[in-house]
Structures are given as structure tokens and as C-alpha cells.
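Beneath this line is the structure, given in C-alpha cells, with notes to follow.
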Amino acid sequence: MRRLKLSPPGIVLAILCAMYFLYFVNRTNLAIAGPLMQSDLGLDNGDLGLVLGAFGIPYAVFQLFGGAIGDKFGPRLTLTVSAIIVCVATGWIGAAGGLVSLFCARLLLGIGEGAGFPTATRAMSAWTPQGRWGFAQGITHTFSRVGNTMTALIIASLIAMFSWRASFYILVPVTLVWGAVWYWYFRDEPRTHPAMTPEILAKLPVRARGAAKPAIPWLPLARRIAPVTIVDFCYGWFLTVFQTWIPNYFVQNHGLNLNKTAIYSAGVLFAGVIGDTLGGVLSDYILHRTGSVSLARRSVIMLGFLGACVFMVPVVLTEDLTTATICLSLAFFFAELIVAPIWAVPMDIAPRYAGTASGMMNFGFGAAGLISPAMFGYLVDRTGSWVVPFVASVVLLLVGAVLTLRLRPDVSFEE
């Protein structure tokens, strides 16, 4: 592991971790600055909700096309352009004068970030030994969850020192520096990197050594990835519930004030940070011990779904705050075990089209992100209780666990 950290593949992975962190700060900062923006720009809650949701529309669409763009033009150019788009969108939000400009800026941000994760997966598939794909996905998504957790502290501090507009402006040069570093250091073909050695290159996937960029077989690939997309939808539903509704759960169901809610919510979300990394490590460990990629991916994904399901049951049944918080944390920990192995599955199935395949998979997540928050809130309002929407989430966890049996990462995609 030490050699990987000090080698070009380790440095590339570290740069990608920084991207995952920055992208989550750039996408969630609006939620923190939102109340001040509402006051200054005359927005009501409906307006703010519309702006927050604008990001998800192009983000879901670009899970499909963004990955294909990354496969066609290469991760070096694609992620650099994506970073520039994110910079423009973030600065535009800071300069926005009303609802329309904010909405358009968030649409642009969704376009910029939509291509990011599938294309990053394409880069990992070429720059990471296959036996460490689970770890690579786990550690990068860990940084995304850290970014999600740290955004409140970062943005609140910037607003306190400067203003809400400045909190967006300051992120622009930081993200731009990331794009410059990426373009300077990364190469689409590892063998062309000046720091690459024959020993390191020998450990990387053979296809990465100068293979021509192929035409993408859209329909056959979509059919092959469809089961992974559906499983990712089930996971995405559950994750989105935690990212959007858990703070309200503590306020409305347990009567906590905002300060205590922030503490309890952060504790729950931090459990997912641990799960992200451990899921990747565990999946790679099983692969190394058994040589079975199917067992390495499916067993960890199923463990995540079933573990989350088990610990959501007490949340539905209890009214005790401590019990609910502990069980929510454990449920989120198990759910985040899913992330690394499920992102590794498209790399296993179609390494030649890793960007497109992972984008097709993550379209399920994007679709869940559009549907889950509204449906969950509707069920809470309709029933006057948190039990029904939580039960619905448990059902989807069970569906995800069952459908995991249909995943075949051991069978490579044949054109």
C-alpha cells in the first residue's frame, strides 16, 4: 500500500479524492447559505426548494452522457472542462440577483458535476490495479461524504468572516486550482506519464496501455447494466432520505432545536464515512482471498442492504431519541458499505466502457434523488407520521438485497 500511495496511481487517486470533496462542497453549500439568500433576494421556501432541485435534473441526465463523454474524450480533458463549468456555476450563484439566475446557475452546476463521477471511474479503471478497485471507489466516496459533512462548517465560517456571496466566490479559485493540477499531472494513458515505471505499469489493466477509444454500444451496454442501475436506485433512495430528511426527523419527531439537530445529524452521517472506506477494503479483501469477483461485490452489497434494513426496524418502532440515533447511525453505516462495491461492478463488467457503464448505473441514483425527497415528504404530510415513509424505505432496502443476486460482475460485457 505504501508504494501505491507514493506512486503515480496513488497521486492520481489523491487528486480524485480532492475532486469528490470539492464537488460535494460546491453542491451542498446552497443549503447552508439558503436562509440568508432568501432574505436578501426575497425568495420563499418554494423558491429555494425549486433552486435546490434544479441541480438534480441535469445531474441525472449527465450520468448517462457524461460518462460517454469521458470515454470518448478521455478523463484528462473531460474533468478539466467539468471543473471549469463548476467554477462558472459557483461564481454565478454568488452573483445571482434572483430566482431565475439562481435556477440557471444550479442547472449549470448539475451539468458540470454530472460528468464528474462516471469520468472519474473511467480514470480509476485505467490507473488502479483491478484488485484495488473497491478500495479506490471506497476512499473517493469517503471524501465526498466528508465534504458533505464539512460543508456546514466551511460555508458558515466563510459567511461569518465575509458574506454569503463571498462564500461562493472563494470556492471558485480553489476548484480552478484543482482543475489545473489535474490537467498538469494526469494522462489518459498511464504509460505516457513521465513518472511511470515498468514495474507499476505491469500492475495496471492491460487495456490502459494505448488502446484506441472505442465506439460505445449503447443499447447492449444499457441492457447489461440495467440490473445494477435498479439496485443503485434502491441504494440512492435510502441515501437521499438521509441527506435530505434526517435533520427534519430530529426536529419534528423528537423536538430538537437546530443546534442539537446539527450535532445528531452529523453523528449519523459520520457513520457513513466509515462505511464507505470499509466497504471497499472488505470487497477487495474477499476478492484477494477467494479470487471470486462475484462474491467480493455481491456479498458486501447484500450485507449493506440487509444490515441497513435490520437497524431501520428499531427506528420505526422506538420513540427513544438515543436508540433512534444509534440505529440510524448503524443503518447508514451498513448502507454506505454498498458504495464501493456497486461502483466497482460497472468497472468489472465493462472496463473498456467504464465511464459510460458507471454513468448508466448512477442514473438510478440520480432518478432516486429526484423522486425520493418529494415522495418521502409527501408521505410524512399525508400520514402525519414518519413510520410509513421509513417502512417504504425498508421495503426498498429488501428489494435491493434481493436484486443484488442478479448482479453478474464475473461476466464481462461482450459486444
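The values are calculated or read from the model by the stated rules, or taken from the named source; none is laboratory data. Everything numeric here is computed off the predicted structure, so don't read it as measured data. Here the Cβ positions follow ideal geometry from the backbone for every residue, glycine too, while neighbour counts run over all protein chains shown. When the accessible area is computed, the model is the full protein with side chains, heavy atoms only, and any ligands, DNA or RNA have been set aside. Shrake-Rupley method; radii C 1.70, N 1.55, O 1.52, S 1.80 Å.
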Per-region count, the stretch 353-388, residues surrounded by fewer than 20 Cβ atoms within 10 Å (Cβ to Cβ), at pLDDT 80 or above and under 24 Å from Val228 (Cβ atoms):
1
For the stretch 100-119, name all the residues that are modelled with pLDDT of 90 or more and either aliphatic (A, V, I, L, M) or within 12 Å of the chain's Cα centre (by Cα) (or both).
Val100, Leu102, Ala105, Leu107, Leu108, Leu109, Ile111, Glu113
From the list Val51, Val25, Val100, which residue is under 27 Å from Ala367 (Cα atoms), assigned to a helix (DSSP H, G or I) and open to solvent by 60 Å² or more (accessible area, probe 1.4 Å)?
Val100
List pairs: first residue in the stretch 142-171 and more than 22 Å from Leu16 (Cα to Cα) and free of Cβ contacts under 8 Å to residues at least 24 places away in the same chain, second residue open to solvent by 50 Å² or more (accessible area, probe 1.4 Å) and of a type in the set (A, V, I, L, M, F, W, C) anywhere in the structure, Cβ distance under 9 angstrom, at least six positions apart or on different chains.
Leu158/Ile170; Phe162/Ile170; Ser163/Leu36
Go through Arg106, Arg132, Arg191, Arg122 for me and flag whichever is of a type outside the set (S, T, N, Q), part of a helix (DSSP H, G or I), in contact (Cβ under 8 Å) with a residue 60 or more places away in the chain and over 22 Å from Tyr23 (Cα atoms).
Arg132
Could you say whether any residue in the stretch 224-237 is open to solvent by 50 Å² or more (accessible area, probe 1.4 Å), charged (D, E, K, R) and either within 23 Å of Ile274 (Cα to Cα) or over 19 Å from the mean Cα position of the chain (by Cα) (or both)?
yes
For the stretch 271-298, how many residues meet the condition of being more than 17 Å from Val411 (Cβ to Cβ), under 22 Å from the mean Cα position of the chain (by Cα) and either open to solvent by 10 Å² or more (accessible area, probe 1.4 Å) or charged (D, E, K, R) (or both)?
9
List the pairs whose first member sits in the stretch 61-73 and is among the hydrophobic types (A, V, I, L, M, F, W, C), whose second member is open to solvent by 60 Å² or more (accessible area, probe 1.4 Å) and at pLDDT 80 or above, and whose Cβ atoms are under 7 Å apart, counting only residues at least 6 apart or on separate chains?
Leu64/Phe363
Selection count where residues are under 21 Å from the mean Cα position of the chain (by Cα), open to solvent by 30 Å² or more (accessible area, probe 1.4 Å) and either at pLDDT below 90 or among the aromatic types (Phe, Trp, Tyr) (or both), scope the stretch 152-184:
3
Would you confirm, using the coordinates I've provided, whether Gly66 is open to solvent by less than 40 Å² (accessible area, probe 1.4 Å), modelled with pLDDT under 80 and in a helix (DSSP H, G or I)?
yes
